Amino acid sequence: MAEKYPGSVTGLRLITGKGGVGKTTVASALALHAAGRGERVLLVSTDPTGALGQIFPGVTDGARMVARGLEAVELTRRVVLDRWRERFGEEIYQVLRSLLPVERDVLDYLEGVPGLEEEFLLSYLLDALDSERYDRVVWDAAPTAGTLALLEAQALFYDHLTQAHRLYLKLQGYLKGADPTPLIEGWRALTGRILTMLRERTRAWVVAQPERLPVVQGLELMAALDRFGIALERAVLNRVLPEDACPGCAFYAAKVREQRVWARRWREESPAPVRELPEFAAAPLDPRALDEVARRLVQAPNGDSHA
Ligand SMILES: Nc1ncnc2c1ncn2[C@@H]1O[C@H](COP(=O)(O)OP(=O)(O)OP(=O)(O)O)[C@@H](O)[C@H]1O
Ligand SMILES: [Mg+2]
C-alpha cells in the first residue's frame, strides 16, 4: 500500500543533502518506483545545477512525461519569476504607480527582493500538490545551504508581510491611491499555505555519503529541518564501499576504515531511520539501476517493504 498523508492529500517528498551526495539519484529512483506502483508522480528539480537530464534526457523547465506515470520538470529562476509576474505583477505595478512615479520596469527591480523567488518556487510545488494531477510530488532540492536559506526566507517573508500589513493599516488615513491591503493579504495567505505545506505535508529524506563533511552537514540539516517543523522520513547513506571488494589492497582497506567511522556516526546520530546504498561500479542512471536503488531505499532492514 502506498503511504498516505493525513486526509489522503498529495504529499511532498523533499530530497536534500550536501552537493554531489546522490540527491538526484535518490529522488529519481523514488519517483520512478512510486510511478511503477501506479501512482501519478511529479519530480521537480529546483537545483540550478541539478542535472536531472542525466537521468531523464529531454527534461525541460515545463513538466513533461518522462516515464509511465512520471512527469519531470527542472524549474529555472526565469520560469519561477515569470509565474510571479503573471500572478502579482500587474497588481503590484498598479499599487506602486498610484503611490510613486514609477514605470512598469520597476517590476524588474522587484524581482531581486529577498525571498520572492523562493516564495514562488514553493508556490509551484503547492500548486502541483493541490492540482489533483498527482498522487505524489518528489522534490529534488538544492544542496544544504540553498534549502535552508529557502525555508528561512519563507518564515521571514511571512513576518515581513504581517508587519507590512500592520504598517499599512496605521498609515491608511494618510496615504492616497490604490489600496495595497488585498495584495498584502493575498500574499500573506499564500505564504501561510506554503508554511503549512512544509510543516504538514512534507517528508524529508536527507542524503549523505560516509565522509566527514556530508555527514556533519547532513546531521545539521536534519536538526534544522526538525526545528523548522519538517518531518524527517529517512537518512540515506549513499556510496558505502563493499568491505571485501579488494582483499589485500592497503589503500582500499584504509578507505573502508575511514568510511566506517562516518557511517557509524550517521547511523548513531541520525534522528530518522537509515537506508544504505552501496558504491556501484557504474553510475546508476538507467531505469534498471534506479530500480535497484529504489528497492534498497524502500526495503526496511528486516525485509519489510515500505515506500
Ligand atoms: N551509489 C552510487 N554509486 C555510484 N555512483 C553514484 C552513486 N550514487 C550517485 N552516483 C553518481 O554520482 C554522481 C552524483 O550523484 P547525484 O547527481 O545523484 O548527486 P546530487 O546530490 O544530486 O548532486 P548535486 O548536488 O550536484 O545535484 C552522479 O553521476 C551519480 O550517477
Ligand atoms: Mg542533483
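Extension gain, R257 to D82, is 58.0 nm, computed as 0.36 nm per intervening residue step minus the present C-alpha separation. Between D105 and E279, residue separation times 0.36 nm minus the direct Cα-Cα distance comes to 57.5 nm. Amide H contacts for G11 (H built 1.01 Å from N in the peptide plane; partners 5 or more residues away or on another chain; cut-off under 5 Å): V137. The Cα atoms of the chain cover 81, 38, 36 Å along the three principal axes, with the biggest extent listed first.
At most 10 other C-beta atoms within 10 Å and a DSSP loop state: those are the exposed GluC sites (Glu not before Pro) I care about. Give me the longest piece of the chain that has none. Intermediate values should be presented prior to the final figure.
Values: sites that count: E103, E132.
Longest gap between qualifying sites, sites excluded: 133-307.
For N238, the residues 5 or more places off, or on other chains, whose built amide H falls under 5 Å of its own are A208, Q209, L277. In the chain, the longest principal axis of the Cα atoms and the axis of helix 116-130 are about 70 degrees apart. Computed over the stretch 179-220, the alpha-carbon pair-distance distribution with 5 angstrom bins reads 5, 19, 13, 11, 12, 11, 10, 8, 6, 3, 1, 0, each value a whole percent.
How large is the dipole of the stretch 220-266 about the Cα centre if only Lys and Arg carry +1 and Asp and Glu carry -1, each at its Cβ, rounded to the nearest 20 debye? Could you put the intermediate results ahead of the total?
Numbers: 8 positive and 6 negative charges, 20 e Å.
Dipole size: approximately 100 debye.
Applied to the stretch 230-245, the Karplus parametrisation 6.51 cos²θ - 1.76 cosθ + 1.60 on θ = phi - 60° returns per-residue 3J(HN,Hα) values of 9, 6, 9, 9, 9, 10, 9, 10, 9, 6, 6, 6, x, 5, 10, 6 Hz, with x for Gly and Pro.
Between helix 181-200 and the chain there is an angle of about 20 degrees, using the helix long axis and the longest principal axis of the Cα atoms.
Using 0.36 nm per residue and subtracting the Cα-Cα separation, the extra length available between C246 and S131 on full extension is 36.3 nm. Working note: Karplus 6.51/-1.76/1.60 with θ = phi - 60° gives the stretch 54-71 the couplings 4, 9, 10, x, x, 5, 10, 7, x, 4, 9, 5, 10, 7, 4, x, 10, 9 Hz, where Gly and Pro are set to x.
Derived from the Cα gyration tensor, the three semi-axes of the equivalent ellipsoid of the stretch 196-307 are 27, 18, 11 Å, largest first. Calculated [222 nm] ellipticity per residue, helices only, for the chain: -16000 deg cm²/dmol; basis is -39500 (n - 2.57) per DSSP H run with n ≥ 4, divided by all residues, nearest 500. Hey, what angle do you get for helix 90-99 against the long axis of the chain, alpha-carbon based, 0 to 90 degrees rounded to 10? Approximately 40 degrees, to the nearest 10. In this structure the amide hydrogen of I55, modeled in the peptide plane, comes within under 5 Å of no amide hydrogen from residues 5 or more places off or on another chain.
A short reminder: the numbers here are calculations on the coordinates, not readings from a lab. Because the structure is a prediction, the values reported are computed rather than measured. Please note: Cβ atoms are built from the backbone with ideal geometry, for glycine as well, and neighbour counts cover all protein chains shown.
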